[in-house]
Every structure is written in C-alpha cells, then in structure tokens.
Amino acid sequence: MIKASDLKRGHIVKIEGDAYVVESVKVQKPSARGAVTLYKIRFRNVQSKRKVDQSLRGDDVLPEADFERRPVQYLYADASGITFMDIEDCSQFTLTKDDLEEEWLYLTEDIEGIQSISSDGRVLGLELPSFISLTVAETRPPMKGASVTARLKPATLSTGLVVQVPEHVTTGDAIRVDTRTGEYASKG
C-alpha cells in the first residue's frame with residue numbers, strides 16, 4: 001500500500017482491480033486552518049490507456065501493483081506492429097499500433113530510454129523518456145524578422161506527429177518534444 005502523498009509520476013497502482021500509472025500529481029494546499037491538503041492525481045490505465053483524474057487526501061492509501069520495468073530497444077516497424085528487444089535478456093516482442101495508441105508517434109530507431117511495463121511475463125505497454133528529439137519534416141518557411149517568442153505554427157515531424165513550433169523553426173531542424181504533453185520543448 002502506498003499513501004497518496006508518496007505517489008510520484010511513474011508509480012503503478014491498482015484502482016478497482018485494474019493497473020494505472022501515475023501521469024501527474026498536483027498538490028492543492030488549503031488556505032484555511034485545519035483544512036486537508038488534496039492531491040489531484042491523473043492516472044492512465046496501463047492496458048486501455050483511459051485517463052482517470054482523482055482527488056485524494058495525503059493519508060489515503062492505494063494498493064501498489066506488482067509490475068516490472070525493463071529497458072528495451074526499438075528494433076523495427078512493419079505492417080503488424082513495432083518490434084522491440086529487451087536489453088537485459090535479448091528477447092524480442094512486438095506491439096501493435098493499437099497497443100501503442102499514443103506512443104507510436106514518438107518512436108524512432110535511435111530513441112533511447114524506453115522501458116517496457118510487464119506483468120506475469122506479458123508486456124502491457126511502454127514508458128517513454130520525458131523528452132525526445134525529432135526532426136521537422138515539413139513546416140511553413142520562417143517569416144522575416146520572426147523571433148524566438150513569436151507566434152506558433154504547425155510542423156509535421158519525421159514520425160508524422162504534428163506539433164506547434166515557434167515561427168523561427170524550419171524544415172530539417174531537430175527539436176525536443178515533451179512526450180507527456182505532445183508539445184514543443186526546445187530546439188535541438
């Protein structure tokens with residue numbers, strides 16, 4: 001059992017028998033004396049990817065799920081899905097695009113820091129690094145005199161992901177994308 005006040009991003013807990021990973025934790029401290037601090041937590045179901053928001057008190061407890069995280073490497077993609085290799089034992093497994101619902105738009109052959117989430121020898125999903133670098137495949141040309149803090153424009157990345165980028169970003173630039181929000185983070 002783990003207290004709500006001890007939950008961090010990436011913890012896996014059971015809610016109504018299903019496994020959920022903690023995506024974000026926001027602490028809401030009351031202004032009145034004697035009031036209780038609330039923890040607003042966003043959970044994502046490991047299998048269905050459904051998101052659930054809950055407000056918990058600091059001393060509320062949730063059962064921890066017994067899952068294993070293992071480092072994996074992207075190998076290749078084909079019509080049936082994307083194949084990965086477990087770095088520790090060199091075993092391979094394939095996940096379909098349905099299994100990887102949101103993650104597949106961030107996957108490239110040179111990505112590092114991917115972890116598989118598995119239970120009873122069965123891979124349930126992936127955990128991506130917080131930030132990844134992708135190349136801009138297509139975007140409008142920059143406007144003359146555009147600054148770093150200027151307006152945003154859409155850019156299609158090498159994986160097909162579309163993000164809003166600053167006006168100065170051009171086709172061919174490498175950018176960092178936040179995998180948690182799907183937003184532009186920085187250049188390079």
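For the stretch 11-68, filtered to residues that are of a type in the set (Gly, Ala, Ser) and over 24 Å from Asp99 (Cβ atoms), the residue that is modelled with the highest pLDDT is Ser55. Only strands (runs of 3 or more DSSP E) whose full extent lies in the stretch 1-86 are considered here, and the ones with at least 2 residues that are closer than 30 Å to Glu109 by Cα are 18-28, 38-45, 68-78, 81-86.
The condition of being out of contact with any Lys or Arg (no Cβ under 7 Å at 6 or more places or on another chain) and not assigned by TED's automatic domain parsing to the domain that holds Thr159 does not hold for Lys26. Of all the criteria given as (1) modelled with pLDDT under 85; (2) loosely packed, with under 15 Cβ neighbours inside 10 Å; (3) of a type in the set (Ser, Thr, Tyr); (4) not assigned by TED's automatic domain parsing to the domain that holds Val27, the one not satisfied by Ser118 is (2). Checking each residue in the stretch 48-85 for being of a type in the set (Gly, Ala, Ser) and loosely packed, with under 15 Cβ neighbours inside 10 Å picks out Ser48, Ser55, Gly58, Ala79, Ser80.
Within the stretch 81-100, the set of residues being among the small types (Gly, Ala, Ser) and over 21 Å from Val46 (Cα atoms) comprises Ser91 only.
Candidates are the residues of the stretch 90-130 that are in a strand (DSSP E or B) and among the hydrophobic types (A, V, I, L, M, F, W, C); the one that is nearest to the chain's Cα centre (by Cα) is Leu126.
The values are calculated or read from the model by the stated rules, or taken from the named source; none is laboratory data. Here the structure is a predicted model, which is why all the values come from computation and not from measurement. Positions of Cβ are generated from backbone atoms using ideal geometry, with glycine treated the same way; all protein chains shown enter the neighbour counts.
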